[in-house]
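The structure appears below as structure tokens.
The values are calculated or read from the model by the stated rules, or taken from the named source; none is laboratory data. Quantities reported herein were computed from a predicted structural model and do not represent experimental measurements. Neighbour counts are summed over all protein chains in view; Cβ atoms, including those assigned to glycine, are modelled from backbone coordinates with ideal geometry. Just the protein is used for accessible areas: all its heavy atoms, side chains included, with ligands, DNA and RNA removed. Shrake-Rupley method; radii C 1.70, N 1.55, O 1.52, S 1.80 Å.
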Amino acid sequence: MLDIPAIHVNRLTKSFCRDKKALNDVSLSIADGEMVALIGASGSGKSTLLRHIDGLVQGNKGSADQRLCCIDVLGRPVQSCGKIRRDVRRTRADIGFIFQQFNLVGRLSVLTNVCMGFLGRIPAWRGAGALFTRDEKLQAMEALARVGIADLAGQRASTLSGGQQQRAAIARTLVQRAKIILADEPIASLDPASSTRVMETLAEINRADGITVVVSLHQVDYATRYCPRTIAMRNGEIAFDGSSERLSHDFLVKLYGSDSEELIMGHKLHPKAADQTAIVQELLKHEALSHAAV
């Protein structure tokens, strides 16, 4: 019997305007339990691809053969022919999405934010009132301990550093019992020490739990250190898909030309997250709808 890939994308194309394709005929398969880096310069299509996999955005409608354009996650269809499946919530419940901007509610405690991972499995009235059981809070504390910030459980999320907030977001995916983690540039606005802690946490979860992790990165050195496989995006297309060991300086220069500096030196640039505000707001809206209790 053939193994079903954790993620399968076939001939995905997305246009946000008539003359510009954000994704162009993208196809890939990611096996269960892999940890894969998704690299590329700004605007290469990394975030757009992750949002399509999670079913937050629909691809273009197929033209020649509409049956070819599809995305399946855990063997279940997320979208096909430019239409998101009506039952996509069931699949999204198994996908933990980690945002660059952390997606925490600053006025709430860290513990409450992590407990939000239960929203897809508890009644709506309990979720709306943040009414979590003792057992649920204990599970959230275990997740916080695992990512190394259990001592911060009672603090407001807004008081945490960027790295601590990102680890709290990872703990929320553990509480969610996600089978796949999609991390959209989770270390882009962090300092090197915090970036290392976040990547080590994701790698440990991948090794220990066998959770499939796909992480988009500007920083190639983190891809080669933590991800055995790298998919390189360029102008909305896959330019490379293979072993991260091949990502030498010369290879990147050949692949990206002048844009390679952004990838090689990305960990020193610390790009600001403010440029992503509009995208994050849209994602927050979609996530609130998709992960609401039914």
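A few remarks follow.
- Sole residue being modelled with pLDDT under 90, surrounded by 20 or more Cβ atoms within 10 Å (Cβ to Cβ) and of a type outside the set (S, T, N, Q), chosen from 69, 81: 69
- Residue within region 33-48 that is in contact with a strand residue (DSSP E or B) (Cβ under 8 Å, 6 or more places away or on another chain), among the acidic types (Asp, Glu) and open to solvent by 20 Å² or more (accessible area, probe 1.4 Å) present: yes
- Residues of region 104-117 satisfying the condition of being of a type in the set (A, V, I, L, M, F, W, C) and surrounded by fewer than 19 Cβ atoms within 10 Å (Cβ to Cβ): 105, 108
- Among the numbered conditions (1) over 26 Å from residue 234 (Cβ atoms); (2) in a loop (DSSP other than H, G, I, E, B); (3) open to solvent by less than 30 Å² (accessible area, probe 1.4 Å), the only one that residue 86 does not meet is (3).
- The set of residues in region 128-156 being touching a Lys or Arg at 6+ places or on another chain (Cβ under 9 Å) and open to solvent by 40 Å² or more (accessible area, probe 1.4 Å) consists of 133, 148, 156.
- Boolean, residue 195 is open to solvent by less than 20 Å² (accessible area, probe 1.4 Å), of a type in the set (S, T, N, Q) and either assigned to a helix (DSSP H, G or I) or touching a helix residue (DSSP H, G or I) at 6+ places or on another chain (Cβ under 8 Å) (or both): yes
- Whichever residue in region 118-127 is of a type in the set (A, V, I, L, M) and modelled with pLDDT of 85 or more and, among such residues, is surrounded by the fewest Cβ atoms within 10 Å (Cβ to Cβ): 124
- Residue 229 being open to solvent by 60 Å² or more (accessible area, probe 1.4 Å) and of a type in the set (D, E, K, R): no
- Single condition residue 28 does not satisfy, out of (1) out of contact with any helix residue (DSSP H, G or I) (no Cβ under 7 Å at 6 or more places or on another chain); (2) buried (at least 20 other Cβ atoms within 10 Å of the Cβ); (3) not aromatic (Phe, Trp, Tyr): (2)
- Candidates 102, 132, 97 - the one that is of a type in the set (Phe, Trp, Tyr) and free of Cβ contacts under 8 Å to residues at least 40 places away in the same chain: 132
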